[in-house]
Every structure is written in C-alpha cells, then in structure tokens.
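Participant: One structure coming up, written as structure tokens, with questions to follow.
The values are calculated or read from the model by the stated rules, or taken from the named source; none is laboratory data. In this text, all values refer to a predicted model and were calculated from it rather than measured experimentally. Note that we place each Cβ from the backbone using ideal geometry, even for glycine, and neighbour counts take in every protein chain shown. The protein model used for the area step is the full one, side chains on, heavy atoms only, and it has no ligands, DNA or RNA in it. Shrake-Rupley method; radii C 1.70, N 1.55, O 1.52, S 1.80 Å.
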Amino acid sequence: MKRKALLTAFLACCLGICMAVAVIAGMSGKWTGKITTPDGNDLQINYVFTIDGDKLTGTAQGDGSPTPIDSGVVKGNDFTFSVSNPQGIVFKHAGKYYPQGDSIGVNIDVNGNKIHATLKRDDK
C-alpha cells in the first residue's frame, strides 16, 4: 500500500513538472503589442522570446532595430528582463504569460513611469 502511494505521488509530481515546462515553452515565439509613451504617442512593440529552462532570451523592438534581452528570468508564468537602448537607458520589464488566452501582460519601467502592454502572439 505504501509503495502504491509513493508511486502515485511520484507520477503526480512528474505530470506537474511536464505541464509547467509545456506552459513556459508556450511563451516562446514572436509577440506584438502597443504602448502609449509618456509623451502620448502610440508605439508598436515587438518581442521574440526563447525559453530555456528558467532563462528568457530574445529581442525587443520599438521604433529602432531589435535589441537583445538582458537578465531574462522565468518563474512559473511570471518573468522579468531588461532591455537597454543605444543611449544606455535600461528598461526593466516584468510580466505574466496567460496560456489560456495565449497572451502576455507586461509592465515596462520607463524612467520611473510604469507602462502596461498586452502582447498577442504574432502569427506572421
């Protein structure tokens, strides 16, 4: 009986781990959204995410060339990373992946101002 309970618990843990990996892997790919900048202009933003374990890499792009993502970390459905522009200004990002809606909510710190964006998968 004890052996059966341990086997059941082990299998449940394995299933949970596999599901968590599948959810996070679902965040990989191209994403797009829009933000309103502090000066009131709308800006198209694009991201390419690659997930490897708890590491997030890829690129971010606003009105310039794609910029590499720095210090990307994934914990469950939550993630953080930074992007630096050519002038050296660092934009910190913190967000959450919503697998059921296949969307991402992200907050971007722009010189102390928080800007929120909802990203949708770019199927192009």
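Participant: Could you tell me which residue of the stretch 106-124 is nearest to Phe81 (Cα to Cα), considering only residues that are touching a strand residue (DSSP E or B) at 6+ places or on another chain (Cβ under 7 Å) and of a type in the set (S, T, N, Q)?
Facilitator: Once the filter is applied, the top-ranked residue is Asn107.
Participant: Also: Could you run through the stretch 102-124 and say how many residues are farther than 18 Å from Gly40 by Cβ and either in contact with a His (Cβ under 6 Å, 6 or more places away or on another chain) or assigned to a strand (DSSP E or B) (or both)?
Facilitator: Here is the first cut: in the stretch 102-124, the ones farther than 18 Å from Gly40 by Cβ are 102-107, 109, 118-124.
Checking the rest, the ones that are also either in contact with a His (Cβ under 6 Å, 6 or more places away or on another chain) or assigned to a strand (DSSP E or B) (or both) come to 103-107, 109, 118-121.
So the answer is 10.
Participant: Ok, one more. Within the stretch 82-95, how many residues turn out to be in contact with a Phe, Trp or Tyr (Cβ under 9 Å, 6 or more places away or on another chain) and open to solvent by less than 70 Å² (accessible area, probe 1.4 Å)? Give the steps one after another, and end with the answer.
Facilitator: Residues of the stretch 82-95 that are in contact with a Phe, Trp or Tyr (Cβ under 9 Å, 6 or more places away or on another chain), as a first pass: 82-85, 92-95.
Checking the rest, the ones that are also open to solvent by less than 70 Å² (accessible area, probe 1.4 Å) come to 82-85, 93-95.
Residues that pass the stated criteria total 7.
Participant: Report, by residue number, each residue of the stretch 33-53 that is part of a loop (DSSP other than H, G, I, E, B) and either basic (Lys, Arg) or open to solvent by 80 Å² or more (accessible area, probe 1.4 Å) (or both). Please lay out each step first, then the result.
Facilitator: As a first pass, look at the stretch 33-53 and keep what is part of a loop (DSSP other than H, G, I, E, B): 37-41, 53.
Listed by number, the residues that qualify are Pro38, Asp39, Asn41.
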